[in-house]
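Here's the structure, in structure tokens; my notes come after.
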């Protein structure tokens, strides 16, 4: 078992203790629907490696850290998490944010894919000008976020 699997197992145990299980993976139909709606409403496709994550865990809500799910809020149970589509629609109300695909957030930061630099980034939630970390892959961003979660547990 690698470090990421160990962290996810630890998170799953914690989630069960507080009766908040990790979300199961998105179905192929949910992924297809996300792609279609993303293209139609946002003019984008989520990054492939983020979609691969959603197939394992359709969103993540742990210790105030969120990765958005495929579920649209209108058809989501309250505990399902935040919708990728709705969160990106909300951010795109400001035209200059269209270079970013928002994948998740916490109380201080947003986790994004920068379509210009092709990097995964951790940026200040209040001022996107402040770049704290950048990564070449979603996997490296996920490792960084899982470390944050472990530090909070």
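The values are calculated or read from the model by the stated rules, or taken from the named source; none is laboratory data. Since the structure is predicted, the reported quantities are computational estimates derived from the model, not experimental observations. Cβ placement follows ideal geometry from the backbone for every residue including glycine, while neighbour counts extend to all protein chains displayed.
Some observations on this one:
- Qualifying residue in region 22-44 (condition: within 25 Å of residue 150 (Cβ to Cβ) and out of contact with any strand residue (DSSP E or B) (no Cβ under 8 Å at 6 or more places or on another chain)): yes
- Subset tally (residues that are at pLDDT 90 or above and either in a helix (DSSP H, G or I) or closer than 19 Å to residue 143 by Cβ (or both)) for region 23-41: 13
- Number of positions in region 126-153 that are modelled with pLDDT under 95, surrounded by 13 or more Cβ atoms within 10 Å (Cβ to Cβ) and over 20 Å from residue 57 (Cα atoms): 1
Condition check ((1) without any contact (Cβ under 8 Å) to a residue 40 or more places away in the chain; (2) out of contact with any helix residue (DSSP H, G or I) (no Cβ under 8 Å at 6 or more places or on another chain); (3) in a helix (DSSP H, G or I)) across all residues:
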site	(1), (2), (3)
88	no, no, yes
103	no, no, no
117	yes, yes, no
123	yes, yes, no
129	yes, yes, no
140	yes, yes, yes
143	no, no, yes
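- Filtered residue count, region 92-101, keeping only those that are without any contact (Cβ under 8 Å) to a residue 40 or more places away in the chain and assigned to a strand (DSSP E or B): 1
- Residue count for region 59-86, restricted to those that are surrounded by fewer than 22 Cβ atoms within 10 Å (Cβ to Cβ), touching a strand residue (DSSP E or B) at 6+ places or on another chain (Cβ under 9 Å) and modelled with pLDDT of 85 or more: 2
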